[in-house]
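Written below as structure tokens is the structure these notes are about.
The values are calculated or read from the model by the stated rules, or taken from the named source; none is laboratory data. All figures in this text were calculated on a predicted structure; none of them were measured in a lab. As a convention, Cβ positions derive from the backbone with ideal geometry for all residues, glycine included, and neighbour counts pool all protein chains shown. Side chains included, ligands, DNA and RNA excluded: accessible areas come from the protein's heavy atoms. Shrake-Rupley method; radii C 1.70, N 1.55, O 1.52, S 1.80 Å.
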Amino acid sequence: MFEVEPVPTLRWVDDHLRLLDQRVLPQTVEFLEIRDIDSLAEAIRTLAVRGAPAIGLAAAYGAVIAAITTKNRPDQRHRIDQLLDVLAGTRPTAVNLFHCIEIQRQVLDGVEDPPDIVPELLSTAHRLFEEDLNASRAMGRFGSDLLEPGSIVLTHCNAGGLATSGLGTALAVIYDGWERGRVARVYADETRPLLQGARLTSWELARAGIPVQVLPDSAAASLFAAGEVDAVVVGSDRIAANGDVANKIGTYPLALAADRHGVPFYVAAPLSTFDADTSTGADILIEQRGRGELECYGERLLMPLEAGFWNPAFDVTPADLVTAIICEIGVVRQPTRRSISQLTGNV
Ligand code: MRU
């Protein structure tokens, strides 16, 4: 299982965090060496590191950077809290970010006036990283069990190694399915406006030797109509207690089209993406992004200055359009508040 080599999305190297710069993929494979919180916050905001689990892990390592950069300050704990607040303010939708920051705050709470808190924070960040890799492996197997042999799978955005510790959620299902003959080939929505599907998912799948075709988001419904999709598999940034799923903008239309054409719609996400404190999708804060992502194509201006814009980064797919949610401890079919809490233990 999982012969594919994990993507080096983020790694702790000696005394700092190394991030694969996803803004310049696939043309260039370049790394950012992160040694301070402002650079990390900028990397998260500008999507140099992106994807719900990956930004959570980046923030977990960010706590280590916060401790290193405040060493010997009398108000160290207070300053680390402020730096963690900066990270928490970078992107609002993916709950993994807040989950990992909270875990590191608990580590800080647990050590009284420590001479050096870096080792504790670092071992926690490493543990979260390993848990995420293991979760990917488990999701891959649970998810690929749901696919018919030789399936053609449609995915959206990038829910792969680049969005996690290195293997992914939706793409973990595809990797595992490919190795077991359950996936024949993949369609990747290009994912306007930042093109995570075209730039990142196709790069990742090509790297693993899995046949992938990129399509404009607007062509997806026609792909279903042509009978070319056997299953949709996507990731998530936050799953509300009732099973509503927030994911990259453009996911909800896929769920509608899948429903219309009788195609199963699967969501793969680790337990760290489930948010028992958010009752329904309507309570999920959807990140709104700037005009710059829409108005230019390279150097070329696409919109007149008079035109306004609306650029939500995520949408919410209602639970009743979700065939099943796949996580590292099992599968919730036709998710409801009750079935989710039974699986996750938040009953
Ligand atoms: O804006 P992005 O690129 O961070 O959005 C990422 C997604 O929407 C992913 O599908 C989601 O985070 C799941 S990643 C395993």
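Taking every alpha-carbon pair in region 140-344 and binning the separations at 10 Å intervals from zero gives 9, 36, 37, 15, 3, 0 percent. With the biggest extent put first, the Cα atoms of region 159-207 measure 33, 23, 16 Å across the principal axes. Based on the reciprocal of the average 1/r between different C-alpha atoms, the Kirkwood radius for region 129-217 equals 12.6 Å. Taken over region 10-135, the convex hull of the Cα atoms encloses 99 Å³ per residue. Which log10 I(q)/I(0) values does region 101-168 give at q = 0.28 Å⁻¹ under the Debye formula, counting every alpha carbon as one identical point scatterer? Result of the Debye calculation: -1.20. Accessible surface area normalised per residue over region 140-344 is 39 Å², counting heavy atoms of protein chains with a 1.4 Å rolling probe.
Taken as entire DSSP H runs, the helices of the chain that both span 24 Å or more between Cα atoms along their own long axis and average 1.6 or more on the Kyte-Doolittle scale are 52-69.
Counting other Cβ atoms within 10 Å, keep those with at most 11, restrict to DSSP loop, and tell me which GluC sites (Glu not before Pro) in region 250-347 are left. Walk me through the numbers before you get to the answer.
Working: sites: GLU287, GLU293, GLU295, GLU299, GLU306, GLU328; in loops: GLU287, GLU299, GLU306, GLU328.
Answer by residue number: GLU299, GLU306.
A DSSP coil position with no more than 15 other Cβ atoms inside 10 Å describes the following trypsin sites (Lys or Arg not before Pro) in region 27-102: ARG35, LYS71. By the equivalent-ellipsoid construction on the alpha carbon gyration tensor, region 241-314 comes out with semi-axes of 30, 17, 11 Å, ordered largest to smallest. Global size of the chain: 19.7, 65 Å for Rg and Dmax (C-alpha atoms, Rg to one decimal, Dmax whole). Of the heavy-atom accessible surface of the chain (probe 1.4 angstrom), what whole percent is carbon and sulfur? Its accessible area is 51 percent carbon and sulfur atoms.
Determine the shape class of region 58-216: with a ≥ b ≥ c the square roots of the Cα gyration tensor eigenvalues, call it rounded for a/c under 1.5, and otherwise prolate if a/b is greater than b/c, oblate otherwise. It would help to have the intermediate numbers written out before the result.
Numbers: a/c = 3.52, a/b = 2.28, b/c = 1.54.
In terms of gyration-tensor shape, prolate.
What residue among ILE103, ILE174, ILE55 shows peak mean-square fluctuation when the chain is described by a Gaussian network model with Cα springs under 10 Å? Comparing ILE103, ILE174, ILE55 in a Gaussian network model of the chain, the most mobile one is ILE103. Going by a ≥ b ≥ c, the root eigenvalues of the Cα gyration tensor, does region 170-245 fall in the rounded group (a/c under 1.5), the prolate group (a/b larger than b/c) or the oblate group? It comes out rounded by the Cα gyration axes.
So what is the calculated 222 nm ellipticity per residue for the chain, using -39500 (n - 2.57) for each DSSP H run with n of 4 or more, over all residues, to the nearest 500 deg cm²/dmol? That calculation yields -11000 deg cm²/dmol at 222 nm. For region 188-306, just say rounded, prolate or oblate: build the C-alpha gyration tensor, square-root its eigenvalues into a ≥ b ≥ c, call rounded for a/c under 1.5, and beyond that prolate if a/b exceeds b/c, oblate if not. Note, shape of region 188-306 comes out oblate. Ranked by the mean number of other Cβ atoms within 10 Å of their residues, highest first, the peptides 7-17, 276-286 fall in the order 7-17, 276-286.
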